[in-house]
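K.L.:
Take a look at this one; I'll ask things after.
The values are calculated or read from the model by the stated rules, or taken from the named source; none is laboratory data. The structure displayed is predicted, hence computed values, not measured ones. Positions of Cβ are generated from backbone atoms using ideal geometry, with glycine treated the same way; all protein chains shown enter the neighbour counts.
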Amino acid sequence: MTLATDDFASGVLRIAIDAPLRHPFDYLAPAGLSPAAVPLGVRVRVPVGRRETIGMVVDRADQSEVSSAALKPVREVLDATPLIDGALMQLLRWTADYYHHPLGEVIAAALPRALRDGAPCAARIECWRATTTGIDALEAGALRRAPRQQALLARLAQSTRALTGADLSKALPGWRDAARVLTGRGWIERLELDASSPASSPAAGHEAGTATGAATSPPLSAAQSAAVGQIDASAGGYAAWVLQGATGSGKTEVYLQCAARTLARGGSVLVLVPEIGLTPQLVQRFRARLDVDIAVLHSALSDAGRLAAWRAAHTGQARVVLGTRSAVFAPLPRLGLIVVDEEHDSSYKQHDGGCRYSARDLALVRGQQGGVPVVLGSATPALETLHNLKAGRYRGLTLPRRDDQALAPRLALIDLSAHAVHRGLSTPVIDAMRRHLAASGQVLVFINRRGYAPTLLCTACGWIAPCHACDARMTVHRASGQLRCHHCGAAEALVERCLRCGCQVKPVGQGTERVEETLRELFPGEALIRLDRDSASRPEQLDAILERVLSGAARILVGTQMVTKGHHFPGVTLVAVLNADQGLFSTDFRAAERLAQTIVQVAGRAGRERNRGEVLIQTQYPQHPLLRSLLEGGYEGFAAEALVEREATRWPPFGRLAVLRASTRSSGGALAFLAAARQLAPVGGAVRLLGPVAAAMARRAERYHAQLLIESADRGPLHRFIGDWLPQVETLARAQRVRYALDVDPIDIQ
Ligand code: ADP
Ligand code: ZN
């Protein structure tokens, strides 16, 4: 007891726990330790009720508001040194405050699962290197008959440092069999190095000079050099750069050069890419050009893979982190540059579950906090970004099309009501395809819907196959023989007869599968490939498809938005957009922006050398102002007009928005809850509440969804309001058993 009193006298530790709790908890330091001896940013095991959980030390305090008798000591300190350093903790705190999300959950989201579960942070990592006898054997050609062994040995022999098992698995899948034979012969050897010891930091030897990768980089264009020069000159302080240039204009070259210079100065680099932009091809390009270890972080990693990548970044072994959204929280000692590629991409926003952060916005905050330049690259910057550019908060850099690149493609609208249409393909599109294929061009057919058809209809009684969990139709997936709901993921066997009257059913409308089928009939001799989430669910599949298009093996590419994500197809001379109309009449104020970006991004795939590409956009509404402004003024013209409209309606970036979403199993529950939540808000003030209204799709995944918009001209009042209001909403939600989520800066308010 005296011990506890002593500890209390010298203060308490504040521990953030992975739970929906607004505040950290106070604990006493473990017996025999003073709180000051426990570093911030280490994990601890603490008792919570009758359970035990793992939390993180985020603060110390002299006193607790909890009575000393109720305070319990930490049971165990798990790390000797912080997992999260002061700079990263500052970012996580900012995230928790700004998105009004519990710090413990934000921290948990930033850590790999294995670390959340208590895995040790320091670890031995397996590395391999070639022995001198091995190198001699290789040079003597001893392995000519054993290509796999030869490839492995050559790889190790070429490397100036030992390669990790993870490196090898990426480069040479299935290498372990070969490794066993080679180890047996004494031609390669396995080492175990401590991941946190500098000796195992293979990058250490590359700090000076060799990291410039200059040997393989093409000479930069004047615009690229200027961009690299300006960005580089801003090193050592915060600056936000908008690097605008069409796909293929050389943005990635600029990132690579800036990264090389940062590395040469001893800094580390964070590169964020959209979920589907992270292909093995891109990783390969970074690996080939930057002679340091690169940690790759994305959502498809195994727990072990994620832990390994995180550790490599944390220890400084990997000085480049290339990753998707959550990599914005990657630990990077001596961070010197942040790149956000395709910054307009909506996959940077966490859409569901947990803290709904924008990795793009957080990258800027991280840059600001750490005094690091941030490069936002895009062919179609978000309207917010253009607004910030205009307001002088960001600095602009433009890359024109490169000399060997095509002229900007010619866009034309095809009025669907004025032409014959065969299964979604109008005669002018089919004719243009024939023309381009005959002239040995490649053709890209874009349709923003995967599956075979969006509807399965009974022509006798009018029955439409419904999703039983949503207000939605089932999509026909013929290849897998399924009906699938694209909203909740439900799947059923595809039926041939109507479930109501037993008559024949037929698929209505087009998806990628059906367009593929139709095009195979129309162009029987042409190699065709489909790119959507079904045909490319893994990065390797995506890579294989891209490779077939790039090599020219496939002449026709049918795809969804996946084709718009940063891949450059120099051989494509015609792009056909089959359904431009989906985004034209949406209730979401951002739908038009997304549609314009999609069209411009797809269009950007067309054209080769001086051969001007052609882009045909099928629409029922050729007079629609959005389509006209795009056609006449390009993305800039569209953006200028769209910003005027946003200003008039006070939508972001001219106003600040948050949305409170709720869902219940009962039909009226979510609306009633939000109405009650609205009642809790003070009347008047600088904040306006709009709604509640049912979501555009009210019933989804067996729950009823509704939302309440919270709007203000400025950030300050909005955040103060939410700060006061949300705890009351929370109490109400608990009482009414409602699921709810607050989304600050929502990008989708359907
Ligand atoms: P982006 O990132 O804008 O799509 P990339 O940097 O990927 O553009 O460049 C597209 C292609 O052009 C790549 O194959 C790249 O190697 C090549 N490239 C870029 N800059 C140059 C240059 N200055 N000289 C020659 N080739 C270049
Ligand atoms: Zn459904």
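K.L.:
Find all pairs meeting these conditions: Cβ atoms under 9 angstrom apart; at least six residues apart or on different chains; first residue within segment 526-538 and touching a residue at least 40 places away in the same chain (Cβ under 8 Å); second residue crowded, with 18+ Cβ neighbours inside 10 Å and among the charged types (D, E, K, R).
P.N.:
Close Cβ pairs (under 9 Å, with a partner that is crowded, with 18+ Cβ neighbours inside 10 Å and among the charged types (D, E, K, R)) amount to GLU526/ARG555; ASP532/ARG449; ASP532/ARG450; ASP532/GLU513; ARG533/ARG450; ASP534/ARG450; ASP534/GLU513.
K.L.:
Please work out if TRP94 is at pLDDT below 90, among the aromatic types (Phe, Trp, Tyr) and surrounded by 14 or more Cβ atoms within 10 Å (Cβ to Cβ).
P.N.:
no
K.L.:
Of the residues ARG612, ARG605, ARG656, ARG661, only one is within 22 Å of SER249 (Cβ to Cβ) and surrounded by 15 or more Cβ atoms within 10 Å (Cβ to Cβ); which?
P.N.:
ARG605
Let's see how each residue does on (1) small (Gly, Ala, Ser); (2) touching a strand residue (DSSP E or B) at 6+ places or on another chain (Cβ under 6 Å):
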{"site": "THR560", "(1), (2)": "no, no"}
{"site": "GLY571", "(1), (2)": "yes, yes"}
{"site": "ALA576", "(1), (2)": "yes, yes"}
{"site": "LEU584", "(1), (2)": "no, no"}
{"site": "GLU593", "(1), (2)": "no, no"}
{"site": "GLY604", "(1), (2)": "yes, no"}
{"site": "THR619", "(1), (2)": "no, yes"}
{"site": "ARG628", "(1), (2)": "no, no"}
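K.L.:
How many residues does segment 231-269 contain that are of a type in the set (Lys, Arg), more than 7 Å from ligand 1 (Cβ to nearest atom) and in a helix (DSSP H, G or I)?
P.N.:
Matching residues across segment 231-269 total 1.
K.L.:
Looking only at segment 673-710, which residues are part of a loop (DSSP other than H, G, I, E, B) and among the aliphatic types (A, V, I, L, M)?
P.N.:
Scanning segment 673-710 gives ALA681, VAL683, ALA686, ALA701.
K.L.:
Oh, and also: Return only the number of the condition from (1) modelled with pLDDT of 90 or more; (2) away from ligand 1 (no atom under 12 Å from the Cβ) that VAL273 does not satisfy.
P.N.:
With (1) modelled with pLDDT of 90 or more; (2) away from ligand 1 (no atom under 12 Å from the Cβ) applied to VAL273, the lone miss is (2).
K.L.:
Out of all the residues in segment 482-489, is one or more surrounded by 13 or more Cβ atoms within 10 Å (Cβ to Cβ), without any contact (Cβ under 8 Å) to a residue 40 or more places away in the chain and farther than 21 Å from ASN448 by Cβ?
P.N.:
no
K.L.:
Another question, if that's okay. Do we find a residue being free of Cβ contacts under 8 Å to residues at least 24 places away in the same chain, of a type in the set (D, E, K, R) and closer than 25 Å to ALA701 by Cα anywhere in segment 441-453?
P.N.:
No.
K.L.:
Based on what the data block shows, is ARG656 under 29 Å from HIS344 (Cβ atoms), of a type in the set (Lys, Arg) and touching a strand residue (DSSP E or B) at 6+ places or on another chain (Cβ under 8 Å)?
P.N.:
yes
K.L.:
With the checklist (1) without any contact (Cβ under 8 Å) to a residue 12 or more places away in the chain; (2) under 26 Å from SER358 (Cα atoms); (3) touching a strand residue (DSSP E or B) at 6+ places or on another chain (Cβ under 9 Å) in hand, flag the one item LEU301 doesn't pass.
P.N.:
Answer for LEU301: the failing condition is (3).
K.L.:
Can you tell me which residue within segment 271-295, out of those that are assigned to a strand (DSSP E or B) and in contact with a Lys or Arg (Cβ under 8 Å, 6 or more places away or on another chain), is farthest from ligand 2 (Cβ to nearest atom)?
P.N.:
Among those residues, the one meeting the criterion is ASP293.
K.L.:
To continue, here is another question. Within segment 455-476, work out how many residues are surrounded by fewer than 20 Cβ atoms within 10 Å (Cβ to Cβ) and within 16 Å of ligand 2 (Cβ to nearest atom).
P.N.:
Number of matching residues: 7.
K.L.:
Name the residue that is farthest from ligand 2 (Cβ to nearest atom), counting only residues in segment 235-256 that are within 24 Å of HIS387 (Cβ to Cβ) and surrounded by fewer than 19 Cβ atoms within 10 Å (Cβ to Cβ).
P.N.:
Per the criteria, the residue is GLY237.
K.L.:
Among the residues of segment 119-131, is there at least one that is loosely packed, with under 15 Cβ neighbours inside 10 Å, over 30 Å from the mean Cα position of the chain (by Cα) and β-branched (Val, Ile, Thr)?
P.N.:
no
K.L.:
Test of understanding: among VAL42, VAL106, VAL48, which residue is modelled with pLDDT of 90 or more, of a type in the set (A, V, I, L, M, F, W, C), out of contact with any Leu (no Cβ under 9 Å at 6 or more places or on another chain) and closer than 30 Å to ALA741 by Cα?
P.N.:
Just a single option satisfies the conditions, and that option is VAL48.
K.L.:
Still on this structure: Can you tell me which residues in segment 411-433 are free of Cβ contacts under 8 Å to residues at least 12 places away in the same chain and assigned to a helix (DSSP H, G or I)?
P.N.:
ALA418, THR427, ASP431
K.L.:
Any chance segment 523-539 includes a residue that's farther than 24 Å from ALA453 by Cβ and outside any loop (DSSP other than H, G, I, E, B)?
P.N.:
Scanning segment 523-539, I find at least one residue that is farther than 24 Å from ALA453 by Cβ and outside any loop (DSSP other than H, G, I, E, B), so the answer is yes.
K.L.:
A further question on this structure: Please work out which residue is nearest to ligand 1 (Cβ to nearest atom), limiting yourself to segment 687-740 and to residues that are surrounded by fewer than 16 Cβ atoms within 10 Å (Cβ to Cβ) and of a type in the set (Val, Ile, Thr).
P.N.:
VAL693
K.L.:
Out of (1) among the aliphatic types (A, V, I, L, M); (2) surrounded by fewer than 21 Cβ atoms within 10 Å (Cβ to Cβ); (3) in contact with a strand residue (DSSP E or B) (Cβ under 9 Å, 6 or more places away or on another chain); (4) within 30 Å of LEU546 (Cα to Cα), what's the single condition that is false for ALA672?
P.N.:
Checking ALA672 against (1) among the aliphatic types (A, V, I, L, M); (2) surrounded by fewer than 21 Cβ atoms within 10 Å (Cβ to Cβ); (3) in contact with a strand residue (DSSP E or B) (Cβ under 9 Å, 6 or more places away or on another chain); (4) within 30 Å of LEU546 (Cα to Cα), the one that fails is (4).
K.L.:
Filter segment 467-503 for residues that are assigned to a loop (DSSP other than H, G, I, E, B) and small (Gly, Ala, Ser); which is farthest from ligand 1 (Cβ to nearest atom)?
P.N.:
Among them, the one singled out is GLY502.
K.L.:
Going through segment 107-134 one residue at a time, which ones are in contact (Cβ under 8 Å) with a residue 24 or more places away in the chain and under 21 Å from GLU189 (Cβ atoms)?
P.N.:
Result: ALA123, ARG124, ILE125, GLU126, CYS127, TRP128, ARG129, ALA130, THR131, THR133, GLY134.
K.L.:
Name the residue, out of SER426, SER417, that is touching a Leu at 6+ places or on another chain (Cβ under 8 Å), away from ligand 2 (no atom under 16 Å from the Cβ) and of a type outside the set (A, V, I, L, M).
P.N.:
Answer to the selection: SER426.
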